[in-house]
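**Student:** Okay, here's the structure, questions in a sec.
The values are calculated or read from the model by the stated rules, or taken from the named source; none is laboratory data. Since this is a predicted model, take the numbers as computed values, not measurements. All Cβ positions, even for glycine, are placed from backbone atoms using ideal geometry, and neighbour counts span all protein chains on display. All accessible areas refer to the heavy atoms of the entire protein, side chains included, with ligands and DNA or RNA removed. Shrake-Rupley method; radii C 1.70, N 1.55, O 1.52, S 1.80 Å.
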Amino acid sequence: MRTLKFLLRKEFKQIFRNKALLPMLFVVPIMQLLILPLAADYEVKNINITIVDQDHSAYSQKLISKIMASGYFRLASYATGFNDAFDDVENDRSDLILEIPQGFERNLIRENEQQLYMAVNAINGVKANLGGTYLNRIIADYNADVRLEWVQMSKFNRLPTIEIVSSNWFNPTMNYRFYMVPGILALLVTMIGAYMCALNIVKEKEKGTIEQINVTPIKKYQFILGKLIPFWVIGIVVFTMGLFGIGWLVYGIAPIGSLLLLYAYLSVYLIAVLGLGLLISTYAETQQQAMSIAFFFMMIFILMSGLFTSIDGMPEWAYIMTKFSPITYFIEVMRMIVLKGSAFSDIKSHFLIMVGFAVSLNGWAIYNYKKTS
Amino acid sequence: MDTVIHTNKLTKRFGDFIAANEITFDVYRGEIFGFLGANGAGKTTAMRMLCGLSTPSSGTATIAGFDIYKQAEEIKKNIGYMSQKFSLYEDLTVLENIRFFGGIYGLSDRQLKEKSEQLIETLGMKSEVKKMVGSLPLGWKQKLSFSVAILHEPKIVFLDEPTGGVDPVTRRQFWDLIYEAVDSGITVFVTTHYMDEAEYCNRISMMVDGEIKALDTPAKLKQQYSVTSMDEVFYELARGAKRSE
Ligand SMILES: Nc1ncnc2c1ncn2[C@@H]1O[C@H](COP(=O)(O)OP(=O)(O)OP(=O)(O)O)[C@@H](O)[C@H]1O
Ligand SMILES: [Mg+2]
């Protein structure tokens, strides 16, 4: 205990004296939380749409009004044919064409199958593609309505009931900042934990000070706790700053779920992430190596986390890989507790998995850390 | 005579390369044992094995009566080590370094206070106590480093080129500190490239290409090679070395 006290005192002194590290720990995360959610805001409004309604039925009218009611689209024009509509796109008056073919209503009811045609303007690809995605979702939603009606009419069910689960259902206003901020915060805490912990230990290797420690009768666990605790505390502080200082005050995201549960999960998560940092430090001899290894893992974890890319859209192998990235679970838990108010029973499996990560990463690191080479 | 270090065919290999080859010697309580050899001879490698920082490939050794394989942690309580590379914390002050290492070695608060006051007094560093160690001149760093290595009153202190790059006056002061430590009962195991310092040692071993080629008092070695200075002894022995850069 006494040894640990000396270790912690030394570590905190060094951290607070490091003029390059402090801004990295406290200013950079705040900046990123302010900038990234804006940059990563994929929401686009006022997408110009040209509709070609060949059916002129009640059903097609219902679909159109549903599209317009979504708030994302602005009707550029009603065109009589696809060629007219195409002119709109060519003259940049429209981003997207939706064609409702003749027989839309009839086919939907009889065969329960109907194709719609959509064309996007490739010039403003992002806007048009997003428009396409929104449109798809609206149509899917609408389609479910139609089926539901139809099934009731026929009184028997030939169809597999397709449940459409919108990934935004706990974010009803589809505010992307609500969605992104908890995720980005999770990411920042991860990077700070893993990088700082790894670099700190490897720096001692580079400077040779670790030799001076290894030649003392210090216990392995004391040294490791002396490294983990400071960065664990810093992780909690940065997280708190981000959650309340930025998330709440700036973005108005008040956590719905239990804070105790959130911090309990964060605590376990930080231990896992610091374990990763520790593990990296046992393999790296120089700070540069540590950076490269950490960067490699971070890239994979970020890409696999579902923060900037949708996990649902990944191929099978990538989907399986997301299960090996601790950050995936933390982002999910963050969104569940903060936005949805999930309780312990909802995240129990997430908890167990994270305990598994924490134990295995730290176990491996402790096994690998040798006082004697 | 009491043996505090005993090695038998201690060997360290890095792949095919044998850095220390079957070195066998004894060091007695209270002596200053000089460990000489050209660059790359294997001095640091051997010393790191004795300190429990590196596991030998083969051979045996006991330090202060403890086995280097089985009782490494016991050994660590009984030795001090000053590595070739300065390794106190440069971003901590003089006093903070003293307190930190003293604390790690388990000194009580009272001991820490007494020891650090005494140490600062001896080194004449009163006005530097609150300075960052990184800002001190090399000579002072080395003296501080040595003092920290013997803070916990070890039985043996290992010094790896403690005076490398230090001016002659500071080197004299450094050796005064070594003698003081010896007077208090500490055995000193020291490597150096300065032959005048070799003369200060009770006994000397000469390492060439990973092997111990000679071991005796400076006087006997000079006699054996029929020369008048340690410089010449060193030259005679190291001449055949292949590793020397
Ligand atoms: N970890 C290692 N891996 C491979 N070779 C090593 C390692 N450490 C040392 N060596 C090699 O072993 C030899 C002995 O090195 P050592 O540092 O023990 O020499 P030294 O006698 O202390 O030299 P110097 O006077 O320059 O300090 C050198 O050739 C060195 O390159
Ligand atoms: Mg050396």
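**Student:** Magnitude of the Cβ-charge dipole of region B:1-53, K/R +1 and D/E -1, about the Cα centre, nearest 20 debye? Intermediate values should be presented prior to the final figure.
**Tutor:** On the way: 6 positive and 5 negative charges, 38 e Å.
Roughly 180 debye for region B:1-53.
**Student:** Among DSSP beta bridges whose residues both lie in the protein assembly as shown, state the antiparallel percentage, nearest 5.
**Tutor:** Working: 25 of 54 bridges.
Counting DSSP beta bridges with both partners in the protein assembly as shown, the antiparallel share is about 45 percent.
**Student:** Two decimals is fine: what's Rg over Rh for region B:3-244, C-alpha atoms, Kirkwood radius as Rh? Show your work: numbers first, answer last.
**Tutor:** Values: Rg = 18.0 Å, Rh = 18.5 Å.
We get a ratio of 0.97 for region B:3-244.
**Student:** Something else about it: At a 1.4 Å probe, which residues in region A:1-24 are at least 20 Å² less accessible with all protein chains present than in their chain isolated?
**Tutor:** Residues meeting the cut-off: A:Arg2, A:Thr3, A:Phe6, A:Lys10, A:Lys13, A:Gln14, A:Arg17.
**Student:** Say the cut-off is 29 Å between C-alpha atoms; which of B:Lys143/B:Lys213; A:Lys207/B:Lys131; A:Lys5/A:Lys370; A:Lys371/B:Lys130 go over it?
**Tutor:** On the way: B:Lys143/B:Lys213 31 Å; A:Lys207/B:Lys131 19 Å; A:Lys5/A:Lys370 22 Å; A:Lys371/B:Lys130 31 Å.
With Cα atoms farther than 29 Å apart: B:Lys143/B:Lys213; A:Lys371/B:Lys130.
**Student:** Let me have the relative contact order for region B:140-245, percent, based on Cα pairs under 8 Å that are six or more residues apart.
**Tutor:** 19 percent
**Student:** Sticking with this one: For region B:130-182, what does the equivalent ellipsoid look like in terms of its semi-axes, each the square root of 5 times an eigenvalue of the Cα gyration tensor, given largest first in whole Å? Before the final figure, lay out the partial values.
**Tutor:** Details: eigenvalues 66, 42, 17 Å².
That gives 18, 15, 9 Å for the three semi-axes.
**Student:** Okay, next question. Would you please give the residues with an amide H less than 5 Å from that of B:Tyr28, counting only those at least 5 places away or on a separate chain, with H modeled from the backbone geometry?
**Tutor:** Placed amide hydrogens put B:Val4 under 5 Å from B:Tyr28.
**Student:** Give the lysines reachable from A:Lys348 as a straight Cα distance under 16 Å; neighbours fewer than 8 places away on the same chain don't count.
**Tutor:** A:Lys323, A:Lys340
**Student:** Kindly flag which residue pairs out of A:Lys227/B:Lys155; B:Lys77/B:Lys141; B:Lys77/B:Lys222; A:Lys13/B:Lys141; B:Lys70/B:Lys115 have an alpha-carbon separation exceeding 28 Å in this structure.
**Tutor:** A:Lys227/B:Lys155; B:Lys77/B:Lys222; B:Lys70/B:Lys115
**Student:** Tell me, what is the 1.4 Å probe accessible area of B:Ser57, in Å² to the nearest 10?
**Tutor:** My reading of the accessible area for B:Ser57 is about 50 Å².
**Student:** How big is region B:73-150 by Rg and Dmax over its Cα atoms, in Å?
**Tutor:** In Å, with Rg to one decimal and Dmax whole: 12.0, 36.
**Student:** Moving on to the next point. Counting only C-alpha contacts under 8 Å and six or more residues apart, can you give the relative contact order of region A:230-373 as a whole percent?
**Tutor:** Numbers: 123 pairs, mean separation 54.5, N = 144.
For region A:230-373, the relative contact order is 38 percent.
**Student:** Further question: Please report, in Å, the Rg and the Dmax of region A:209-351, where both are computed over Cα atoms only.
**Tutor:** 17.6, 53
**Student:** Roughly how many percent of the accessible protein surface of region A:210-302 is carbon and sulfur, given a 1.4 Å probe and a whole-percent answer?
**Tutor:** Working: 2720 of 3570 Å².
On region A:210-302, the fraction of accessible area on carbon and sulfur atoms equals 76 percent.
**Student:** Taking a probe of 1.4 Å and counting only protein heavy atoms, give the total accessible area buried between chains A and B in Å², rounded to the nearest 100.
**Tutor:** Values: alone 19280 and 11900 Å², together 28560 Å².
About 2600 Å² of accessible surface is lost on pairing.
**Student:** Then there is this: So for region B:116-236, Kirkwood radius off the Cα pairs, Stokes-Einstein at 37 °C and 0.692 mPa s: how many µm² s⁻¹?
**Tutor:** Answer, rounded: 207 µm²/s.
**Student:** While we're on this one: Roughly how big is the protein assembly as shown's charge dipole about its Cα centre, with Cβ charges of +1 (Lys, Arg) and -1 (Asp, Glu), in debye to the nearest 20? Write down the numbers at each step before the final one.
**Tutor:** Details: 61 positive and 60 negative charges, 329 e Å.
Computed charge dipole of the protein assembly as shown: roughly 1580 debye.
**Student:** Here's a follow-up. How much space per residue, in cubic angstrom, does the convex hull of the C-alpha atoms of region B:1-121 take up? Before the final figure, lay out each step's value.
**Tutor:** Working: hull volume 17.7 nm³, N = 121.
So the per-residue hull volume is 146 Å³.
**Student:** In addition: Would you mind telling me the antiparallel percentage of the DSSP bridges in region B:140-245, rounded to 5? Mind dumping the intermediate values first?
**Tutor:** Values: 5 of 10 bridges.
In region B:140-245, approximately 50 percent of DSSP beta bridges are antiparallel ones.
**Student:** Please report, to two decimal places, log10 I(q)/I(0) for the protein assembly as shown at q = 0.11 Å⁻¹ as given by the Debye formula with identical point scatterers on the Cα atoms and no solvent.
**Tutor:** Each listed q corresponds, in turn, to -1.06.
**Student:** Pop out a list of residues from region A:359-373 that are at least 50 Å² less accessible with all the protein chains around than in their chain alone; 1.4 Å probe, no ligands or nucleic acids counted.
**Tutor:** For region A:359-373, once contacts with the other chains are taken into account, A:Thr372, A:Ser373 lose 50 Å² or more.
**Student:** Still on this model: Once neighbouring chains are kept in place and the probe is 1.4 Å, which whole percent of the accessible area of region B:21-132 is contributed by carbon and sulfur?
**Tutor:** Numbers: 2140 of 4430 Å².
C and S fraction of accessible area: 48 percent.
**Student:** Heads up, I need the accessible area for A:Lys66: 1.4 angstrom probe, whole protein in place, Å², nearest 10.
**Tutor:** 60 Å²
**Student:** Just need the Rg to Rh number for region B:78-118, please, alpha carbons only, Kirkwood Rh. Write down the numbers at each step before the final one.
**Tutor:** Details: Rg = 10.9 Å, Rh = 11.1 Å.
Dividing the radius of gyration by the Kirkwood radius yields 0.98.
**Student:** Give me the accessible area per residue for the protein assembly as shown, probe 1.4 Å, as a whole number in Å².
**Tutor:** Working: 28560 Å² over 618 residues.
Each residue of the protein assembly as shown exposes 46 Å² on average to a 1.4 Å probe.
**Student:** Same structure again: About the Cα centre of chain B, how large is the charge dipole given +1 on each Lys and Arg Cβ and -1 on each Asp and Glu Cβ? Please answer in debye to the nearest 20. The partial results should precede the final answer.
**Tutor:** Working: 29 positive and 33 negative charges, 82 e Å.
In total the dipole reaches around 400 debye.
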